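Chemist: Would you mind keeping the following structure in view while I ask a few things?
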Amino acid sequence: MGDGADPVPDTADVMFVLRRRTATAHTRLESVLQLTGHDLSVSRYRDVLMRMHGFYDLLEPRLDAMLGVPGSPVPDWPSRRKTPLLRRDLAVLGVAEATLAALPRPKVPAVPDVAAAMGVLYVFEGATLGGRFIVEQVASTEVPAAATAFFGSYGDEVGRRWSQLRHALRVWSGADEARVAACADTAEALFGALEVEFSR
Ligand code: HEM
């Protein structure tokens, strides 16, 4: 909670709550991903992108339904879709669309409302921050630079796109603790699902 002079208690600040509720899961995910290190192989990198694709391919249509509508709290949502970037990288790495379509689908959280969609979007957009480091790491491996469109999302615009998302999350949530909690529930569930998938 904030001190007496702070009109917004911490439990109502969506960014504070999201980070607090997912920080340890994020650290665990980073370690199970095993993407950092000079010995990263092309096959490991390809495997990670294929599994990531499963999550984005299932969830982005649900974000379309919740956020790609008039009055959306994230009007620029369509320009944030990552599935096309994942497909492009995977094509560079020799993975055919038919192979992707035949993969088992991961278990993902339900997205029945805007709060859940905002939780998913927080996780997916946050991945662009870590993505910058992954692109740097990958540069010293055998992975072709042409296969880094997903982790390199937004290029130099990463900071600006992240600030815009933070703003959109704050405006949408207001100081409504129930909204904040619902959004964080889904973000936490998604980190959990990613961890399960990448621990296999
Ligand atoms: C090896 C892989 C990863 C590394 C090294 C990494 C690293 C980072 C770093 C350094 C930040 C902070 C950036 C900043 O504050 O400017 C960050 C933030 C974040 N990352 Fe990752 N990340 C990785 C993978 C992922 C993945 C796969 C996801 C989700 C699918 C993810 C979700 C997030 C989120 C949501 C944030 C924002 C945290 C906040 O609220 O401030 N990261 N990551």
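Chemist: Determine if the range 86-103 includes at least one residue that is within 19 Å of F191 (Cβ to Cβ) and of a type outside the set (G, A, S).
Modeler: Yes, because at least one residue in the range 86-103 is within 19 Å of F191 (Cβ to Cβ) and of a type outside the set (G, A, S).
Chemist: Out of the range 120-167, which residues are over 24 Å from V48 (Cα atoms), open to solvent by 70 Å² or more (accessible area, probe 1.4 Å) and either in contact with a Lys or Arg (Cβ under 9 Å, 6 or more places away or on another chain) or within 13 Å of the ligand (Cβ to nearest atom) (or both)?
Modeler: Of everything in the range 120-167, those that are over 24 Å from V48 (Cα atoms), open to solvent by 70 Å² or more (accessible area, probe 1.4 Å) and either in contact with a Lys or Arg (Cβ under 9 Å, 6 or more places away or on another chain) or within 13 Å of the ligand (Cβ to nearest atom) (or both) turn out to be R160, R166.
Chemist: Kindly provide the set of residues from the range 168-179 that are open to solvent by less than 50 Å² (accessible area, probe 1.4 Å) and in a helix (DSSP H, G or I), ordered by number.
Modeler: Scanning the range 168-179 gives A168, L169, W172, S173.
Chemist: Still on this structure, please answer the following. Collect the residues in the range 185-200 that are of a type in the set (D, E, K, R) and open to solvent by 30 Å² or more (accessible area, probe 1.4 Å), keeping them in residue-number order.
Modeler: If the condition is that a residue be of a type in the set (D, E, K, R) and open to solvent by 30 Å² or more (accessible area, probe 1.4 Å), then D185, E188, E195, R200 are the ones that fit.
Chemist: I would also like to ask the following. When you scan the range 47-60, do you find a residue that is basic (K, R) and within 12 Å of the ligand (Cβ to nearest atom), even just one?
Modeler: Yes, there is a match, as at least one residue in the range 47-60 is basic (K, R) and within 12 Å of the ligand (Cβ to nearest atom).
Chemist: I've got another one for you. Do the conditions hold for A182, that is, is it buried (at least 16 other Cβ atoms within 10 Å of the Cβ) and in contact with a Cys (Cβ under 6 Å, 6 or more places away or on another chain)?
Modeler: Judged against the criteria, A182 is not a match.
Chemist: Residues being in contact (Cβ under 8 Å) with a residue 40 or more places away in the chain, within 20 Å of V42 (Cα to Cα) and of a type in the set (D, E, K, R): count how many of those fall in the range 67-101.
Modeler: Residues that pass the stated criteria total 2.
Chemist: Counting residues that are under 16 Å from F198 (Cα atoms) and hydroxyl-bearing (S, T, Y), which helices (runs of 4 or more DSSP H) fully inside the range 1-99 reach at least 2?
Modeler: Answer list for the range 1-99: 14-33, 42-67.
Chemist: While we're on this one: Could you list, in sequence order, the residues of the range 1-27 that are β-branched (V, I, T), within 14 Å of the ligand (Cβ to nearest atom) and either surrounded by 13 or more Cβ atoms within 10 Å (Cβ to Cβ) or modelled with pLDDT under 95 (or both)?
Modeler: Selection gives V14, V17, T22.
Chemist: Further question on the same structure: Quick one: would you say D64 is in contact (Cβ under 8 Å) with a residue 24 or more places away in the chain, of a type outside the set (V, I, T) and farther than 20 Å from V138 by Cα?
Modeler: no
Chemist: Any chance you could count how many residues in the range 128-151 are assigned to a helix (DSSP H, G or I), free of Cβ contacts under 8 Å to residues at least 24 places away in the same chain and of a type in the set (A, V, I, L, M)?
Modeler: The total comes to 2.
Chemist: Among the residues of the range 28-42, how many are more than 9 Å from the ligand (Cβ to nearest atom) and open to solvent by 70 Å² or more (accessible area, probe 1.4 Å)?
Modeler: Total meeting the criteria: 3.
The values are calculated or read from the model by the stated rules, or taken from the named source; none is laboratory data. All figures in this text were calculated on a predicted structure; none of them were measured in a lab. In this analysis, Cβ positions are derived from the backbone assuming ideal geometry, glycine residues included, and neighbour counts consider all displayed protein chains. These accessible areas exclude ligands, DNA and RNA; they are computed on the full protein's heavy atoms, side chains included. Shrake-Rupley method; radii C 1.70, N 1.55, O 1.52, S 1.80 Å.
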